[in-house]
Amino acid sequence: MATARNSFESILLDRSWVSPQDLDKARQRRKPGQELADVLVEMGAIEPQRLARAVAQEYKLPFQAHIDEHALDPTLVTRVPINYAKKNRLLPIGSDEAGITVAVVDPANYEPLDDLRLLFGAPINPVVAPVEIIAEAINRAYDNASTTTAEELMVDLEEEQLDRVASELAAEPRDLLETDDSAPIIKLVNGILSQAVKDRASDIHIEVFERDMVVRFRVDGMLYDVLEPPKRFQPAITSRVKVMAGLNIAEKRLPQDGRIRLRIAGRDIDIRVSTIPTAFGERLVLRLLDRAQAAVDINLDHLGFSGDNLRRIERLIRQSHGIILATGPTGSGKSTTLYACLSRINSPEKNIITIEDPIEYQLRGVGQMQVNPKIELTFASGLRSILRQDPDVIMVGEIRDGETAEIAIQAALTGHLVFSTLHTNDSFGAVTRLLDFGIEPFLVSSSILAVLAQRLVRRLCLECREAYVPPAAELARIGLTTAGVTRPIFRAKGCRACRNSGYRGRLAIQELMVIDDDIRALVMQNSDGATLRRHCTSRGMKLLREDGAGRVLAGETSIEELLLRTQEDIA
């Protein structure tokens with residue numbers, strides 16, 4: 001073995017993949033039983049891809065740069081427990097007449113390969129793959145191979161005794177796919193969480209009624225019934241979720257809020273839990289945030305900004321002072337858009353501080369403060385404290401009252417760039433709302449840079465969308481004419497990939513009102529939202545429905561969906 005290891009080290013040195021100094025450091029840092037290769041990766045002395053190539057060359061084995069988890073045989077995968085696969089860093093990836101092909105990190109670890117030879121009763125042919133490729137493939141493969149739904153798990157509950165308290169079994173493995181706990185309620189709750197992540201749900205609703213209870217998922221903004229557990233399971237399910245969220249299971253009379261952080265199929269999931277008492281028991285809502293997906297979502301391009309709106313917002317967020325407001329109803333993506341703006345301008349030269357309720361995304365390099373009314377830490381009091389922290393950019397989660405609005409405006413007038421949200425139906429109503437808070441018109445006109453109104457519309461499923469010729473009356477409702485349509489218009493159909501909804505994912509449509517001298521003059525005259533609307537549209541500003549019409553022409557959403565999300569904007 002010493003000869004093999006010396007050969008391995010020679011390959012690394014001969015190819016200049018590691019330096020002699022790094023090799024010496026790795027030997028010194030290596031703990032008993034730890035592989036030298038793992039130490040080199042931890043030190044950052046060599047990339048896992050290069051390391052795997054060196055190992056493959058040392059043992060004269062094939063090198064596998066990528067593993068397509070969809071091409072794996074589930075019958076092979078499920079025969080190897082996930083804990084065993086992760087511990088030994090291996091995964092069966094195929095079979096043929098020559099035997100079972102297994103991707104491994106360390107082919108010198110012979111014992112697991114011998115175990116697999118006995119398990120499958122066939123020769124084992126190892127191939128070497130990078131450690132992160134195998135780790136990701138294991139998570140994806142077992143997630144795909146897992147066909148047990150929450151509904152199937154519930155069947156097992158019918159035959160189980162439910163007199164055990166869920167709080168006695170609170171300890172959870174790091175990844176829910178690795179759970180081997182046989183407690184039925186724990187298995188059911190874990191199954192609900194796993195299925196929600198697999199179905200891309202943003203929320204889980206556990207609703208209780210007089211004689212039954214229902215579990216519903218919100219997917220792309222729409223609620224779907226998923227499960228109807230018997231009413232007698234309600235206390236155990238509620239207790240289990242509250243234990244996971246660190247809530248008081250004995251308190252059933254007051255609302256409670258908590259958090260769960262866990263891994264599902266290798267993905268870090270943050271879950272915000274809210275409970276409220278109702279006439280028939282506690283009702284729970286779990287808001288799911290996939291941290292990996294959040295990193296993708298916090299991007300102006302990914303959110304759907306394009307053309308003039310993108311150019312204008314890029315210019316606005318680089319101003320030195322002023323207020324930029326995002327408006328829209330709950331769940332319209334306002335906070336995500338502001339996070340994307342902060343992410344775009346975030347740099348070591350800027351001191352960015354936020355005050356939020358709650359903190360939904362963690363931004364590296366940004367100071368984030370959580371509102372806590374119990375200790376009188378409100379938006380207004382927190383904003384006052386932030387101003388003593390020498391900030392360049394401030395984000396206020398929401399302007400809810402005149403005091404917060406006044407402090408935000410004073411901050412903007414004293415050289416700070418302020419981002420915030422406001423609950424109004426369109427961009428024009430934001431000005432009226434601030435005036436209703438008692439803010440003087442001259443303060444509003446001199447501090448506001450722009451107001452962005454936003455909606456989220458469902459994106460057509462590319463697997464099943466179908467082209468059709470819409471009637472002229474249908475086109476007219478979104479401001480289009482038959483003569484002006486030169487490309488195919490698509491509508492939703494439904495397939496297995498989109499849960500037969502016809503939609504998969506969402507995108508944002510916007511209207512952006514940039515405050516110019518003419519609008520400032522109108523604000524000074526206490527003009528209402530309708531007057532501002534007429535002025536802006538006469539200057540060519542696109543309203544929400546007009547922006548959405550462009551998405552329809554691009555084949556991204558349907559006329560039906562656009563009408564559903566913007567019907568309140570009809571003049």
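The values are calculated or read from the model by the stated rules, or taken from the named source; none is laboratory data. No experiment lies behind these values; they were computed from the predicted model shown. Cβ placement follows ideal geometry from the backbone for every residue including glycine, while neighbour counts extend to all protein chains displayed. Note: accessible area is taken over every heavy atom of the protein model, side chains too, but ligands, DNA and RNA are not part of it. Shrake-Rupley method; radii C 1.70, N 1.55, O 1.52, S 1.80 Å.
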(Q) Quick check on my filter: what residues within region 25-42 are over 18 Å from Tyr59 (Cβ atoms) and either in contact with a Ser or Thr (Cβ under 8 Å, 6 or more places away or on another chain) or modelled with pLDDT under 75 (or both)? (A) Gly33, Gln34
Q: Would you mention how many residues in region 541-555 are within 21 Å of Ala326 (Cβ to Cβ) and either in contact with a strand residue (DSSP E or B) (Cβ under 7 Å, 6 or more places away or on another chain) or not in a helix (DSSP H, G or I) (or both)?
A: 7
Q: May I ask you to say which residue of Phe437, Phe490 is aromatic (Phe, Trp, Tyr) and under 22 Å from Thr421 (Cβ atoms)?
A: Phe437
Q) Being among the acidic types (Asp, Glu), modelled with pLDDT under 90, in contact with a Ser or Thr (Cβ under 9 Å, 6 or more places away or on another chain) and within 28 Å of Val219 (Cβ to Cβ), is that true of even one residue in region 426-439? A) yes
Q.
Looking for something in a strand (DSSP E or B), surrounded by fewer than 16 Cβ atoms within 10 Å (Cβ to Cβ) and of a type in the set (Phe, Trp, Tyr) - is there at least one such residue anywhere in region 278-285?
A. no
Q) Of all residues in region 333-355, which are free of Cβ contacts under 8 Å to residues at least 60 places away in the same chain and either over 24 Å from Ser381 (Cα atoms) or of a type in the set (Asp, Glu) (or both)? A) Ala340, Ser343, Arg344, Ile345, Asn346, Ser347, Pro348, Glu349
Q: Kindly check whether there is at least one residue in region 509-518 that is assigned to a helix (DSSP H, G or I) and in contact (Cβ under 8 Å) with a residue 24 or more places away in the chain.
A: no
Q. With (1) assigned to a loop (DSSP other than H, G, I, E, B); (2) touching a residue at least 60 places away in the same chain (Cβ under 8 Å); (3) open to solvent by 70 Å² or more (accessible area, probe 1.4 Å) as the list, and Leu480 as the residue in question, which single condition is left unmet?
A. (3)
**Q.** Where Ala135 falls short, out of the listed (1) assigned to a helix (DSSP H, G or I); (2) farther than 29 Å from Asn190 by Cβ
**A.** (2)
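Here is a yes/no grid of residues against (1) at pLDDT 80 or above; (2) open to solvent by less than 50 Å² (accessible area, probe 1.4 Å):
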| residue | (1), (2) |
| --- | --- |
| Ala4 | no, yes |
| Leu23 | yes, yes |
| Val55 | yes, yes |
| Phe63 | yes, no |
| Val77 | yes, yes |
Q. Residue check, Asp426 against (1) touching a strand residue (DSSP E or B) at 6+ places or on another chain (Cβ under 6 Å); (2) more than 30 Å from Ala508 (Cα to Cα), all met but one. Which one?
A. (2)
Q.
Against the conditions (1) outside any loop (DSSP other than H, G, I, E, B); (2) open to solvent by 80 Å² or more (accessible area, probe 1.4 Å), where does Thr101 fall short? Just the number, please.
A. (2)
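I'd like to verify a number: residues in region 111-134 that are within 14 Å of Tyr84 (Cα to Cα) and not β-branched (Val, Ile, Thr), how many?
7
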Q: For region 111-130, indicate whether the set of residues that are closer than 24 Å to Ala37 by Cα, assigned to a loop (DSSP other than H, G, I, E, B), open to solvent by 10 Å² or more (accessible area, probe 1.4 Å) and in contact (Cβ under 8 Å) with a residue 24 or more places away in the chain is non-empty.
A: no
Q: Scan region 356-370 for residues that are touching a residue at least 40 places away in the same chain (Cβ under 8 Å) and under 17 Å from Ala408 (Cα atoms) and jot them down.
A: Glu356, Asp357
**Q.** region 522-540 - residue that is without any contact (Cβ under 8 Å) to a residue 12 or more places away in the chain and not in a loop (DSSP other than H, G, I, E, B) and, of those, most open to solvent (accessible area, probe 1.4 Å)
**A.** Arg534
Q. Given (1) assigned to a loop (DSSP other than H, G, I, E, B); (2) modelled with pLDDT of 85 or more, where does Ser16 come up short, assuming only one miss?
A. (2)
Q. Within region 314-329, is there a residue that is assigned to a helix (DSSP H, G or I) and either surrounded by 15 or more Cβ atoms within 10 Å (Cβ to Cβ) or touching a residue at least 24 places away in the same chain (Cβ under 8 Å) (or both)?
A. yes
